[in-house]
Amino acid sequence: MKRIITANNQRWLFALAGLIALNVTASAQTVFFEYAFTQTAGTVQDIGSVPDIGGAGNHGTALTGDGGFFSDDVPDEDVYNDPGSYSGGSGILSTTPTIITVADIVAANGITLEAWAKNGGAVQKVISVGNIVELSTVGNPAWGYQFENNYAGSRSYVRAEVDMGLWHHMVGVLDDVTWDEGSSVLSANMYFYRDPQFGEVREIPKSS
């Protein structure tokens, strides 16, 4: 399983790696990007771009500010080989142009987002796909994370309350997707798994 890893120090949201994959089939996925963070200091602007190690060539560049900065704050567990993490506190890291559309998600019958996260402020995005689906923090002050279907402002979400001072592994999945373009409704089964890396696979019930 590929990983997106994110962390937060009260205000700053850090990421160690990023993955977005269209489901396509249960056994095969099309990976649209996977970021790895080998730097432990400096900014995205300093290095120019964050390489996509998933093979699609969708490298991350600074969208606003300096694109965010790097840190050596990583999970203690042997879950990823990268020495560094990323924070979007001073900018936004983005692929350009938008690489996934609603039509892509419907054609693949789903999408998967995966992340590691720690700490965080009020409603900070861990990873967002064109404001269609996203992983983000919940609350002010933040008390957990959520996986949200936000297409056209529909705001159907699944939430998990966690200890924000610890690292958490999260996977959000949409499947069995239908799209009513005329009424701007994207319907799907939603699943949000917390800490599957540690044998605690928890499917969080859907709330809306």
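The values are calculated or read from the model by the stated rules, or taken from the named source; none is laboratory data. Owing to the predicted nature of the structure, the values given are computational and were not obtained by experimental measurement. For neighbour counting, all protein chains shown are included, and Cβ atoms are generated from backbone atoms with ideal geometry for every residue, glycine included.
Tabulated results
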item: For Gly144: the one exception among (1) more than 12 Å from the chain's Cα centre (by Cα); (2) more than 15 Å from Tyr193 (Cα to Cα); result: (2)
item: Considering residues of region 10-42 that are crowded, with 19+ Cβ neighbours inside 10 Å and in contact with a Phe, Trp or Tyr (Cβ under 6 Å, 6 or more places away or on another chain) only, the residue modelled with the highest pLDDT; result: Gln39
item: Close pairs (6 angstrom Cβ cut-off, 6 or more residues apart or separate chains): free of Cβ contacts under 8 Å to residues at least 40 places away in the same chain in region 168-187, loosely packed, with under 12 Cβ neighbours inside 10 Å anywhere; result: Ser187/Thr178
item: Positions within region 173-187 being within 16 Å of Leu113 (Cα to Cα) and exposed (fewer than 15 other Cβ atoms within 10 Å of the Cβ), in sequence order; result: Asp176
item: Strands (runs of 3 or more DSSP E) wholly inside region 67-167 that include at least 2 residues being in contact with an Asp or Glu (Cβ under 6 Å, 6 or more places away or on another chain) and modelled with pLDDT under 85; result: 125-129
item: Cβ-Cβ under 7 Å pairs, at least 6 apart or on other chains, region 47-68 side of a type in the set (D, E, K, R), far side in a strand (DSSP E or B); result: Asp52/Phe33; Asp52/Glu34; Asp52/Tyr35; Asp66/Thr43; Asp66/Gly91
item: Which listed residue is acidic (Asp, Glu), out of contact with any Cys (no Cβ under 6 Å at 6 or more places or on another chain) and crowded, with 23+ Cβ neighbours inside 10 Å, from Glu134, Glu114; result: Glu114
item: Qualifying residue in region 171-190 (condition: modelled with pLDDT of 85 or more, more than 22 Å from Ala36 (Cβ to Cβ), in contact with an Asp or Glu (Cβ under 6 Å, 6 or more places away or on another chain) and among the hydroxyl-bearing types (Ser, Thr, Tyr)); result: no
